[in-house]
Amino acid sequence: MKDLPAENISFTDFKLIGFYSLGEWRPFLFIPFFLMFLLSITANSILIYLIKSQKSLHSPMYVLIGVMAVLDLILPVFFVPNMLLSFLFNWSGISLTGCLIQMFGIHFVGAFQSTLLLWMALDRYFAICKPLYYHKYMEIGHFLKFVFLPLIRNGFLIVIMVSLAGKLSFCRNTIDHCLCEHMALVQLACGDISVNNIVGLLSAFLIPTADFILITVSYVVIFTSVFRSGKAHLKAINTCITHIIVMTLSLTSALIAFLSYRIRNNVSPSNRIFMSIIYILFPSCFNPIIYGWRTKEIRQTFHKFIKNGKVLPFLNK
């Protein structure tokens, strides 16, 4: 019986072969990535617990920080456990459906993080530039106006991107990655993937890039207002700087990961995979530490809970 031509084959099961070039050293990757995952889970859980349990941290600014911690807690769960099992036991198989679900989760939560940074910038804008109207605009009814459209945009673009990827015919089934990243899967397709490339680029431009432009405009207006008014808003500016640090960390790691796929000739596969994983995992580990360290109220609450011994029972649950 003759083999079927390659163009008539479409795989529905895949193997994630990230870091296989490391050979016998690959299982040792379990240690650093497990420690980063543990740090992410622990730090974000503590931050969520502190904000939830302390009534003084129930203002909109801290609620947004809490939502960021929830997203940072959820995002690694989509791929890190599977990746760790692959390092230890060489479990690399994943179905097309599982791959698409993972892809949607990673990209949608990542887009949500970008948009949340925009909401944080809006919160600071109203607090500093429109203080008399802050509580009016930050009431849940009014704030939902700023929430609804970006979420619809994010969901629409990510659903289209994942749906188009799912309709492709795949001639290969080895994904040179540890997770189902969009371009890593699409590059296995048999036919033309120009539409998928365009949708991927549009999603990158219309979500993180558009959010970054709006965030930049917001902070330019904020800093201009502060410099004109003197030292009245120095405390609020300190919060802005914290947001800017987190935004810079997130966008820089995302840009490096994005460019690594476009400059493939100069980047080894292992380095490209490492940068892509770090872009997702690194902010989840260090965002709660940055907020906890730089936000005075959260830092004081943490010290109080440590002193009273209330954090330790939480960690033992």
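With contacts taken as Cα pairs under 8 Å at a separation of at least 6 residues, the chain carries a relative contact order of 28 percent.
Go ahead and collect, in residue order, the members of the range 118-152 whose backbone nitrogen is under 18 Å from a label point 7 Å along the Cα-Cβ direction of SER59. Hits in the range 118-152 for SER59 at 18 Å: 119-140, 143. Magnitude of the charge dipole for the range 1-107, about its Cα centre and with charges confined to Cβ atoms of Lys, Arg (+1) and Asp, Glu (-1), is about 360 debye. Charging the Cβ of each Asp and Glu at -1 and of each Lys and Arg at +1, and nothing else, the dipole of the chain about its Cα centre rounds to 1360 debye.
In what sequence, highest mean first, do 244-252, 279-287 appear when ranked by Cβ atoms within 10 angstrom? Working shown, then result.
Values: 244-252: 17.4, 279-287: 22.4.
For the peptides 244-252, 279-287, the packing ranking is 279-287, 244-252.
Normalised per residue, the accessible area of the chain is 52 Å², obtained with a 1.4 Å probe and no contribution from ligands, DNA or RNA. Isolated cysteines of the chain, defined as having no other cysteine beta carbon under 4.7 Å away, are CYS129, CYS178, CYS240, CYS285. Considering only protein heavy atoms and a probe of 1.4 Å, how much of the accessible area of the range 48-159 is carbon and sulfur, as a whole percent? Heavy-atom surface of the range 48-159 belonging to carbon and sulfur, 1.4 Å probe: 73 percent. Per-residue Karplus couplings for the range 167-183, computed as 6.51 cos²θ - 1.76 cosθ + 1.60 with θ equal to phi - 60°, are listed in order as 8, 6, 9, 10, 8, 10, 10, 10, 8, 7, 6, 9, 8, 8, 6, 3, 5 Hz, Gly and Pro entered as x.
Ellipticity at 222 nm from helices only: DSSP H runs of n ≥ 4 in the chain, each -39500 (n - 2.57), divided by the residue count, give -23500 deg cm²/dmol. In the chain, taking the dipole from charged Cβ atoms about the Cα centre, the farthest positive-side position among LEU88, ILE128, VAL77 is held by ILE128. Between amide H atoms placed 1.01 Å from N, distances below 5 Å from PHE14 occur with ILE94, SER95, LEU96, all of them 5 or more places distant or on a separate chain. Along the range 106-120 the Karplus relation, 6.51 cos²θ - 1.76 cosθ + 1.60 evaluated at θ = phi - 60°, assigns HN-Hα couplings of 5, 6, 5, 5, x, 5, 4, 4, 4, 5, 5, 4, 5, 5, 5 Hz to successive residues, with x for each Gly and Pro.
Given the choices (1) -0.49, -0.77; (2) -0.35, -0.67; (3) -0.42, -0.76, log10 I(q)/I(0) by the Debye sum over Cα atoms at q = 0.08, 0.11 Å⁻¹ derived from the coordinates of this structure is entry (3). Ordering 59-68, 16-25 by mean Cβ neighbour count within 10 Å, with the highest value first, yields 59-68, 16-25.
The values are calculated or read from the model by the stated rules, or taken from the named source; none is laboratory data. None of these values were measured; they are calculated from a predicted model. Glycine gets a Cβ as well: all are built from the backbone with ideal geometry, and neighbour counts include every protein chain shown. Ligands, DNA and RNA are stripped out before the accessible areas are found, and what is left, the full protein with its side chains, is counted by its heavy atoms. Shrake-Rupley method; radii C 1.70, N 1.55, O 1.52, S 1.80 Å.
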